[in-house]
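The values are calculated or read from the model by the stated rules, or taken from the named source; none is laboratory data. Everything numeric in this text was worked out from a predicted model, so none of it was measured. Don't worry about glycine lacking a Cβ; one is built from the backbone with ideal geometry, like all the others, and counts go over all protein chains shown. All accessible areas refer to the heavy atoms of the entire protein, side chains included, with ligands and DNA or RNA removed. Shrake-Rupley method; radii C 1.70, N 1.55, O 1.52, S 1.80 Å.
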Amino acid sequence: RATMKSLRFISAEAFVSNAEFARKSLGSVAHNLFPLLFKASYLLEQGEVIHDLVENWPFVDFNMGKLLGTTVDYQEDLSHRTCSVCLESCLTGLRDYVLNHPSPYVKRLKVVDLTGIKDVEVQFCECKKTMGRWARTQLLSKLCLELLVYLKQRRCNPGIFEISIDVLIDLFVTERNYELVVQALLKKCYCPLKICCVAFRSDNLALQKFFYITKLIDPSLLRKLEIVHNVRLEMEHLEMLFNSIHFPLLMSLTLPARTFNVRRFTATDEQMLTNIGEKMGKMTQLTELSMSFSILTGRIQKLLSPLKTPLKMLDVSNCSLNHADMAYLANSFHANHLEALDLSGHNIPDLYPSTFFKLLSHSSSVLRSLTLEDCNIQDTHVNMLILSLSPCQKLQEFRFLGNPLSSQALKHLFTFLCELPMLKNVEFPVPRDCYPIGITYPIDDACLCRFDHQKYDSVAEELNLILLQANREDVKASTPLFGSYDAAVQETNNELGAYLIKSFKEALEKFTTSLNKMS
């Protein structure tokens with residue numbers, strides 16, 4: 001659907017479409033037109049014009065999210081276009097803003113906010129080359145270091161060293177870009193461009209390096225911390241982290257798999273868990289918590305009850321929760337505020353159907369996203385599920401992959417889903433009757449693709465027809481077999497793949513050595 005453009009925006013597009021003319025004419029353009037020209041240049045991927053606009057930016061702040069978001073002249077939000085040409089031009093323009101002006105005293109820019117950029121699966125830019133969060137981290141760090149080298153080598157106006165621009169960014173650090181980012185952070189006080197980390201994601205990093213860089217990023221500014229996949233953080237390390245570093249503004253915390261394992265708890269571990277809960281309780285801004293694939297049986301209350309602020313997002317997928325845990329969640333003050341909930345990997349219909357019903361009824365007025373993957377929801381449970389979801393009139397996303405449901409049950413469920421007015425995205429399982437008879441759930445990865453694809457396509461068509469007949473073509477229904485799209489994993493999958501192969505090789509070598517010793 002085409003978005004309406006104002007005459008001002010159409011004129012701006014015409015102006016920037018001739019890059020050579022636009023660049024020559026920028027000096028005589030009114031300052032209040034710069035934001036308009038920036039969005040038009042971004043839409044048309046006019047990298048050179050973008051560079052020059054940023055290099056001559058006349059305002060105190062430069063906020064990518066606001067500049068590319070919905071505006072009066074052009075309502076389409078372009079902040080999800082992580083176009084490599086455009087973003088590289090922005091960042092090099094920022095570097096040249098510092099370097100290329102005769103008088104640094106007329107420079108007004110104080111804050112650059114890059115946090116509004118959204119990484120999505122489908123890109124609409126012409127070049128089709130994206131610059132993800134990891135690459136943005138890499139490029140900004142590189143430009144900061146290059147800037148320092150350049151200032152050292154060239155006799156610059158001393159006033160340049162008076163320039164101080166805070167660059168707000170979501171950093172993503174792995175083993176591969178660690179050294180570069182560390183160098184940029186260590187030299188931050190000398191550089192006119194100050195990297196200010198608002199959100200930090202760490203993957204494939206040794207614990208010692210993770211602790212070191214976490215101290216460097218200025219944790220007092222951090223709002224989001226994601227420690228994922230190949231950072232081997234266990235409960236004692238988490239306690240050390242919370243004891244040594246304070247996160248006063250932290251709103252969102254993601255912990256890696258197996259951070260907690262209550263099955264091997266000692267009295268010391270119980271005390272440690274209590275301490276961690278108390279430390280999280282002091283994080284008064286914390287509203288999002290993800291602890292998937294930890295074993296937390298019977299300990300949810302101990303961990304969450306010290307929190308002073310209600311959680312808006314909770315991911316406890318595959319955490320082996322028992323009835324007491326679910327009862328706590330359903331009756332806690334968090335329940336009335338949960339906008340996103342992931343309970344995947346729990347046998348909800350058999351273990352705690354009534355408690356689950358109570359939890360959903362309490363969160364129904366605000367719940368936007370619900371994930372129930374691999375929850376053993378069968379045909380006989382569909383009516384119960386419909387009853388539980390009925391009050392959730394604000395639900396926008398519903399994911400229930402990996403459940404043993406038949407084609408018929410899915411059609412019944414989809415007929416109900418059409419009635420949820422805000423629903424936008426549904427991820428549904430391959431119907432059970434598309435798999436060979438006798439398939440067991442949860443289905444392992446090796447068997448996941450061994451279904452009747454022709455029959456699946458036919459069922460998927462029928463489900464989409466149900467949506468179409470109910471005038472709900474605004475709902476996207478899909479079956480991502482290996483889980484939802486993750487931009488960060490997608491961007492670094494080569495590095496993570498190499499790490500997994502290396503880990504597997506090391507494990508084999510240890511196993512072989514042990515066998516040799518035995519023989």
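See the values below:
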| read-out | value |
| --- | --- |
| Complete set of residues in segment 398-434 that are buried (at least 16 other Cβ atoms within 10 Å of the Cβ) and acidic (D, E) | E427, D433 |
| Members of segment 360-405 found to be within 27 Å of the chain's Cα centre (by Cα), β-branched (V, I, T) and outside any loop (DSSP other than H, G, I, E, B), listed by number | T371 |
| Residues (at pLDDT below 70 and closer than 24 Å to S317 by Cα) located in segment 486-519 | L496, G497, L500 |
| Test: residue in segment 266-275 that is among the hydroxyl-bearing types (S, T, Y), at pLDDT 95 or above and part of a loop (DSSP other than H, G, I, E, B) | no |
| Test for L341: is it among the hydrophobic types (A, V, I, L, M, F, W, C), part of a strand (DSSP E or B) and crowded, with 17+ Cβ neighbours inside 10 Å | yes |
| Search result, residues across segment 276-305 that are in a strand (DSSP E or B) and within 21 Å of the chain's Cα centre (by Cα) | E288, L289, S290 |
| Residue tally, condition surrounded by 20 or more Cβ atoms within 10 Å (Cβ to Cβ) and among the small types (G, A, S), over segment 202-257 | 1 |
| Leading residue by the ranking (nearest to Q396 (Cα to Cα)) among those in segment 413-471 that are within 28 Å of the chain's Cα centre (by Cα) and among the charged types (D, E, K, R) | K424 |
| Residue satisfying all of: in segment 476-494; surrounded by 12 or more Cβ atoms within 10 Å (Cβ to Cβ) and of a type in the set (A, V, I, L, M, F, W, C); farthest from C449 (Cα to Cα) among these | A488 |
| Scan of segment 193-226 for residues that are within 17 Å of R176 (Cβ to Cβ) and of a type in the set (V, I, T), ordered by number | I213 |
| Flag if L114 is buried (at least 16 other Cβ atoms within 10 Å of the Cβ), modelled with pLDDT of 95 or more and in contact with a Leu (Cβ under 7 Å, 6 or more places away or on another chain) | yes |
| Hey, D350 touching a Gly at 6+ places or on another chain (Cβ under 6 Å) and either in a loop (DSSP other than H, G, I, E, B) or more than 24 Å from E239 (Cα to Cα) (or both) or not | no |
| Residues that are open to solvent by 90 Å² or more (accessible area, probe 1.4 Å) and either outside any loop (DSSP other than H, G, I, E, B) or not aromatic (F, W, Y) (or both), drawn from segment 123-135 | E126, K128, K129 |
| Residue pairs meeting the criteria (Cβ under 8 Å; at least 6 apart or on separate chains; first on the phi > 0 side of the Ramachandran plot, in segment 126-152; second at pLDDT 95 or above and buried (at least 21 other Cβ atoms within 10 Å of the Cβ)) | none |
| Selection from segment 308-331 of residues that are open to solvent by 10 Å² or more (accessible area, probe 1.4 Å) and over 18 Å from L360 (Cα atoms) | K308, T309, N318, S320 |
